[in-house]
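Just so it is clear, none of the values below were taken in a lab; they were calculated from the coordinates. Not measured: the values here are computed from a predicted model. Note that we place each Cβ from the backbone using ideal geometry, even for glycine, and neighbour counts take in every protein chain shown.
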Amino acid sequence: MIEDGRGRAAELALLGERARRLAAPVERADAAAALHVLEFGVADERYAFEAHEVDDVQPLRDLTPLPGTRPFWRGLVNVRGRIVPVIDLRGFLGLPERGISDLHRILLFRREDIEVGLLADTVEGVARIDAAVLHAPRSTFGQIDAAYIKGITDDRLVLLDAEAILADPRILLDEDVS
Amino acid sequence: MKWFNNLGTSAKLLIGFGLVVALIAVLGITSRLAMDSMERASRIAVQASKLENKLNEDRAVVLTMLSRSADPADRPALMREAKQNADEGDMLIGGIRQLAVEDPILLSQLERFAGPYRDYIRYRNTHTLALIEAGRFDEARLGAFSIQKDRFMALRDTARAMSAAAQERSHREAGQAGVVAIVVFAVATLAALLVGIGLARGIARPLQAITAKAERIATGELPVASVALARGDEVGMLDNAFARMTDNLREMAVAAERIAEGDLTVTVHPQSERDVLGKAFASMVANLRQLTADLHEGINVLGASATEISASTSQLAAGATETAAAVSETTTTVEEVRQTAEVSNQKARLVSESAQRVASVSESGRKSTEEAAAGMARIQHQMETIAECMMRLSEQSQAVGQIVATVDDLAGQSKLLAVNASIEAAKAGEHGKGFAVVAQEVKSLAQQSREATAQVRTILGDIQHATSAAVLATEQGSHAVEEGARQSAQAGQSIQALSGSVQEAAQAAMQIAASSQQQLVGVDQVASAMESIKLASTQNVDSARQLESAARNIKQLGERLRERAAGYRL
């Protein structure tokens, strides 16, 4: 009887807590200012792209190294029958190669003429952030070129500019092997 | 008397006694002579009587032969008898003549007898006997009865007269001898008396005087006036010697008086080499001097020693007091020791009992180690079983891990799918809003799946870790169990050895208890002995005090002795 009574009281307390949480007013963000971003992690840092810029997310399988290229070119993968080059963001953005990286996710960007994969450690998923809270990157922010950064949230989420990255001439594989 | 006094005593005695002896000799000789004379006279008388008898016999023989009735056969015998009578008559006459040679009267009488006798005998031989032979008796008778008869009668009378004269002479001699003897005896008696008186006067009286003097000396008196007797004999010499002896004794007495007064400077010279007293006195004085010197020295030493002894006895008394205090403390300590020994005795008994308990405990411990060894064997067996189970568990968790990896991969793919769906929904804008929610839900599920698989993996990892650890632990446990079995065997042996040791320890503890008991008894005795010592120490203190006062007395005695000894002059 005592056991049952105690269990009953704990159950009632838990239900009360849930009720209070549900009873809290929902903060309604401004729909116009809301951004859908795909959040991912590289080397313990959190980055994001706007969700509509990303075409697909795939697991990294059967990476084939690509010799005679710049170091950030990691190799080629087969994604549903298509050969896609894979870029390591750390080398591309000039980040120091510190920390341990898993690098078993690929963010796929498909444009009319090119298709490129960016290596990521983890993919957290699509989140909504308030555009108003984005800060412009300070010129001294790390070693990433400010041209690739759209903004930084208060919780140090770096929103990268996919179009700028894809427009970078280094991304073109036109080097002469010979 | 002077010359007599100067004679030696032996000479005096010789003179006196010689005189008496000479007088007695005179008396003897006189008597002897008188007796000889008397004897000769009586013998003459006897011879004269015999002569008369012979005469008668011869007459009778002749008459017999003349008688008529006489037997002629007897005649030869009678004739021989007559001849013999004649010879004997001659012999008697010769004897008388010899005896009476000094007496002229008797000699003249004898000569008057001898002449007729010769005539008578001649006639008889020539006439009578010859006639008888011839047988003429009548003629013979005629001659015989006439002439011969007259001659015979005369001869007989003469012989009688001679005998009477001799007897008378003998009587006279006897009377003379008695008178002479009386006179000589009287003279000898007188002389002896005189000698005795003289000797008594000359020897005994001075000797009595000297004896009286000697008596006085013997009683210790020394007569001063000793006038020496002016005599040259032994008595005088004795008196002189007595006087010298008295002087010497007086000298000795004077010296002794001086010595008695403490004057030891006096010198005694012995009178001679054999002066025993003088030499003894001299050596006595020398010895006394030496003795007194030694006494001085000894008294000094005694004084110093007595002072030291007095100091020492004071220290001794103090020491005895301290000793008494120390002994008292020691007695208290011994009492404490006794109590401690009692406590230790109880403890020893307790130890003995607990040692016995330990012995029984070690015995049960030995049994327990045997059981532990058996248990170890069982544990080892079960550990092996556990190891097998663990191996199986490890293999199964490997399989689970593969399954979980697959699930995780599926969850990852689901999540990616959800993300891609979300991207598509975002691209679709307002139209894709509902889809976005679905995609979000899917992603959430995938996330939950991943989390669950992560948990499962974590748990599996833990399980694997635990399994590995368990396998390792099981292996170690198996080793440990082996080790334990070995050690428990060793422990069994050790406990067995320990049991033996504990048995010995128990016996030792019992012995210790017994010894402790004896020790307690001994300490009791020591305590009583200490009580006695304490008593003795108290008595010691008293004795030391008495000794101290005695030493003080000795010291005072030494000082008095020194004062006394100072009175002796050396």
What is the packing order of peptides B:332-340, B:480-488, taking the mean over residues of other C-beta atoms within 10 Å and listing the highest first? B:480-488, B:332-340
Can you list which of the GluC sites (Glu not before Pro) found in segment B:235-275 are DSSP loop residues with at most 16 other C-beta atoms within 10 Å? B:GLU261, B:GLU273
Spin-label pair A:ARG138/B:SER528, simplified geometry with 7 Å Cα→Cβ offset, distance in nm: 10.7 nm
In debye, nearest 20, what is the charge dipole magnitude of chain B about its Cα centre with +1 on Lys and Arg Cβ and -1 on Asp and Glu Cβ, if you could check? 4540 debye
Listing A:ARG128, A:ARG82 by rising number of other beta-carbon atoms within 10 angstrom, fewest first, gives A:ARG82, A:ARG128
Among B:GLN519, B:ALA260, B:ALA466, whose Cα projects farthest towards the positive end of the dipole of chain B, with charges put on the beta-carbon of Lys, Arg (+1) and Asp, Glu (-1)? B:ALA260
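Need the full-extension length gain, B:ASN240 to B:GLU388, defined as separation in residues times 0.36 nm minus the C-alpha distance. One decimal, nm.
Details: separation 148, 0.36 × 148 = 53.28 nm, distance 15.72 nm.
Once the chain is fully extended between B:ASN240 and B:GLU388, it gains 37.6 nm.
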In debye, nearest 20, what is the charge dipole magnitude of segment B:442-570 about its Cα centre with +1 on Lys and Arg Cβ and -1 on Asp and Glu Cβ, if you could check? 1100 debye
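Where does chain B land at 222 nm, in deg cm²/dmol rounded to the nearest 500, when only DSSP H runs of n ≥ 4 count, each adding -39500 (n - 2.57), divided by all residues?
Numbers: 11 runs with 499 residues, N = 570.
Result for chain B, helices only: -32500 deg cm²/dmol.
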At 7 Å along the Cα-to-beta-carbon direction for both B:ASN6 and A:ILE114, put a label point, then send me their distance in nm to one decimal. 20.9 nm
Contact order normalised by residue count of chain B, Cα under 8 Å, 6+ apart, percent: 20 percent
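Net charge around B:SER310, counting only other residues with Cβ within less than 12 Å of its Cβ (Lys, Arg = +1; Asp, Glu = -1)? Each step should come with its number before you reach the end.
On the way: positive: B:ARG552, B:LYS555; negative: B:GLU308, B:GLU548, B:GLU559.
Net of charged neighbours comes to -1.
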Would you list, by chain and number, the aspartates and glutamates whose Cα falls below 12 Å from the Cα of B:LYS433, excluding same-chain residues fewer than 8 positions away? B:GLU424
Which value in nm describes the separation of the simple spin-label points at B:ARG156 and B:LEU445, placed 7 Å from the Cα toward the beta carbon? 24.7 nm
Classify segment B:1-62 from the C-alpha gyration tensor, please: rounded if a/c falls under 1.5, else prolate or oblate depending on whether a/b exceeds b/c. prolate
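Among DSSP beta bridges whose residues both lie in the protein assembly as shown, state the antiparallel percentage, nearest 5. Spell out each step's value before the answer.
Numbers: 35 of 40 bridges.
About 90 percent, rounded to the nearest 5.
Dipole magnitude of the protein assembly as shown about its Cα centre, charges +1 at Lys/Arg Cβ and -1 at Asp/Glu Cβ only, in debye to the nearest 20? Before the final figure, lay out the partial values.
Numbers: 81 positive and 98 negative charges, 1836 e Å.
Dipole size: approximately 8820 debye.
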Cut-off 19 Å, label 7 Å out along Cα→Cβ of B:ALA405, residues of segment B:445-485 by amide N: B:450-468
For segment B:4-135, what is the relative contact order in percent, using Cα pairs closer than 8 Å and at least 6 residues apart in sequence? 25 percent
Dipole axis of the protein assembly as shown (+1 Lys, Arg; -1 Asp, Glu on Cβ), positive-most option in B:VAL46, B:GLY432, B:GLN490: B:VAL46
Write down the Kirkwood hydrodynamic radius of chain B, to one decimal in angstroms, obtained as one divided by the mean of 1/r over all alpha carbon pairs. 46.5 Å
With a/c under 1.5 counting as rounded, go ahead and sort the protein assembly as shown into rounded, prolate or oblate using the C-alpha gyration tensor (a ≥ b ≥ c being the square roots of the eigenvalues; past the cut-off, prolate if a/b is larger than b/c, else oblate). prolate
With 22 Å as the limit, write out which pairs from A:LYS150/B:LYS427; A:LYS150/B:LYS415; B:LYS12/B:LYS213; B:LYS50/B:LYS83; B:LYS54/B:LYS149 have Cα-Cα distances beyond it, or answer none. A:LYS150/B:LYS415; B:LYS12/B:LYS213
